[in-house]
1. If a residue has to be farther than 18 Å from D316 by Cα and either modelled with pLDDT of 95 or more or surrounded by fewer than 19 Cβ atoms within 10 Å (Cβ to Cβ) (or both) to count, how many in region 190-204 make the cut?
2. With the structure loaded, tell me whether L156 is closer than 23 Å to V90 by Cα and in contact with a Pro (Cβ under 6 Å, 6 or more places away or on another chain) or whether it fails that test.
3. Would you confirm, using the coordinates I've provided, whether G262 is outside the structural domain of E158 (by TED's automatic domain parsing), more than 24 Å from T319 (Cβ to Cβ) and at pLDDT 95 or above?
4. Does region 268-319 hold any residues that are of a type outside the set (A, V, I, L, M, F, W, C), part of a strand (DSSP E or B) and modelled with pLDDT of 95 or more, and which are they?
5. Just to be sure I understand, how many residues within region 36-65 are within 30 Å of M183 (Cα to Cα) and either modelled with pLDDT of 95 or more or part of a strand (DSSP E or B) (or both)?
6. Which of the residues that make up region 123-159 are on the phi < 0 side of the Ramachandran plot and not in a helix (DSSP H, G or I)?
7. With buried (at least 21 other Cβ atoms within 10 Å of the Cβ), in contact (Cβ under 8 Å) with a residue 60 or more places away in the chain and not small (G, A, S) as the only criterion, which of C239, C261 stands out?
8. Being touching a helix residue (DSSP H, G or I) at 6+ places or on another chain (Cβ under 8 Å) and among the β-branched types (V, I, T) is true for just one of I51, I93, I57. Which residue is that?
Amino acid sequence: MKNLVFAVVAAAAVLFLSGCVSGNKYVIEGTGESLVDGHWMYVMDGEDWSILDSARIENGSFRIEGSDFGSQTAFLYMGANSAPSGLYQVSDIVLLEPGTVTMKYEPDYEMFFAHGTPMNDLYSRLSLEGIGEETDPMDLVRDNHNVLGLVLLDGLMEGYSKSEVEALLADFPVSMREHPLYMRLQEAVEAIKADVGLPYYDIEGKDTEGNTLKLSDVVGREGVRYVLLDFWASWCAPCRQEQPGLVSIYEQYRRYGFEICGMSFDGNLVQNWKDALKEFRMNWPNALAEFSGNASTSPFWTAYGVSGIPSNFLIDASTGEVIAKNLHGEDLAAELETLFPAEAGSQTEAGQR
């Protein structure tokens with residue numbers, strides 16, 4: 001994989017130097033049944049969301065030749081006109097580099113993916129096929145100190161500690177540090193107040209009775225040894241899918257000092273949140289985060305470096321330190337078995353009698 005990455009980077013450099021498409025230009029083209037004749041396809045910058053270029057869809061296809069690379073990250077939007085309310089996203093990220101980018105529709109994802117140029121080929125392959133177990137995702141970032149590396153880091157950073165992400169960003173050349181995506185990632189990392197190896201950051205919300213519930217109230221309860229701070233929402237399908245397993249783990253370890261503090265991003269969907277608590281029997285402390293607009297605007301979201309939900313953080317109540325994050329299903333069960341070895345052993349013996 002590493003040799004492949006170096007080959008991709010080298011090829012990308014050649015393309016940028018040679019300008020294989022009429023100077024420093026790019027071509028984006030695509031065909032598909034989902035394309036509506038007479039509508040327009042827009043190339044929208046992935047950072048400031050400005051329209052870089054557009055083309056009319058004819059005979060189920062489009063071709064856009066542009067020279068405005070913007071942030072080099074873009075998404076394709078389709079619509080009858082350029083009114084923001086009338087456009088909708090039809091592609092995964094497109095990396096703008098000289099060459100011809102062919103958009104291929106993937107029915108399983110219901111969107112187009114970019115192929116045909118070095119960075120787009122690698123990114124789409126990783127998106128569609130995943131990163132192999134033999135590959136360290138951090139190596140992909142280290143080997144691509146370009147916009148592709150920044151995009152990969154943006155998607156991977158939640159899985160790493162603040163210090164690890166800071167080290168990866170520091171390795172990028174000075175020439176990349178004015179890139180809008182680099183600056184956004186730098187700001188996001190600087191805003192993180194709690195992470196693995198750091199003290200937890202106290203947050204609060206309203207419980208089902210409208211009373212204030214603080215994370216510190218849960219961490220500080222007598223007999224509590226470990227607390228799982230769980231960010232979720234009733235509208236989040238993956239969050240709902242993992243609740244039965246979380247309930248089972250809670251029932252197994254609660255008596256030994258394991259506690260959960262649920263923090264929901266349901267916003268004004270208060271009844272939906274309460275209904276989900278009852279449906280899944282989430283009988284641990286739960287609160288509704290207060291925020292305006294999108295959930296990502298919540299100060300809790302930025303303080304914990306959350307990029308999506310479900311997301312969780314395991315806290316050692318005796319020290320207040322975050323000792324792990326994003327443990328789900330079997331991974332969470334294995335971690336708790338390590339933290340409660342005697343208790344887990346007694347459970348196993350009881351089950352064998």
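1. Start the filter on region 190-204 by keeping residues that are farther than 18 Å from D316 by Cα, which leaves 190-192, 204.
Filter again for either modelled with pLDDT of 95 or more or surrounded by fewer than 19 Cβ atoms within 10 Å (Cβ to Cβ) (or both), leaving 190-191, 204.
Going through region 190-204 one residue at a time, the tally reaches 3.
2. On the way: closer than 23 Å to V90 by Cα: yes; in contact with a Pro (Cβ under 6 Å, 6 or more places away or on another chain): yes.
It is true that L156 is closer than 23 Å to V90 by Cα and in contact with a Pro (Cβ under 6 Å, 6 or more places away or on another chain).
3. Values: outside the structural domain of E158 (by TED's automatic domain parsing): yes; more than 24 Å from T319 (Cβ to Cβ): no; at pLDDT 95 or above: yes.
No; evaluated as a whole, the condition is false for this residue.
4. Of the residues in region 268-319, the ones of a type outside the set (A, V, I, L, M, F, W, C) are 268, 271-272, 274-275, 278-279, 281, 283, 285-286, 290, 292-294, 296-299, 302, 304-305, 307-308, 310-312, 316, 318-319.
With the extra rule that they be part of a strand (DSSP E or B), the set shrinks to 286, 311-312, 316.
Across region 268-319, the qualifying residues are N286, N312, D316.
5. From region 36-65, those within 30 Å of M183 (Cα to Cα) are 41-54, 64-65; that's our starting set.
Narrowing the set further to residues that are either modelled with pLDDT of 95 or more or part of a strand (DSSP E or B) (or both) leaves 41-45, 51-54, 64-65.
Number of matching residues: 11.
6. Start the filter on region 123-159 by keeping residues that are on the phi < 0 side of the Ramachandran plot, which leaves 123-129, 131-159.
Of everything in region 123-159, those that are on the phi < 0 side of the Ramachandran plot and not in a helix (DSSP H, G or I) turn out to be I131, G132, E133, E134, T135, D136, D143, N144, H145, N146.
7. Details: C261 fails: in contact (Cβ under 8 Å) with a residue 60 or more places away in the chain.
None of the other options fit; the residue is C239.
8. Answer to the check: I93.
The values are calculated or read from the model by the stated rules, or taken from the named source; none is laboratory data. Computed from a prediction, not measured in an experiment: that's the story for all the values here. Every residue, glycine among them, receives a Cβ derived from its backbone with ideal geometry; neighbour counts consider all protein chains shown.
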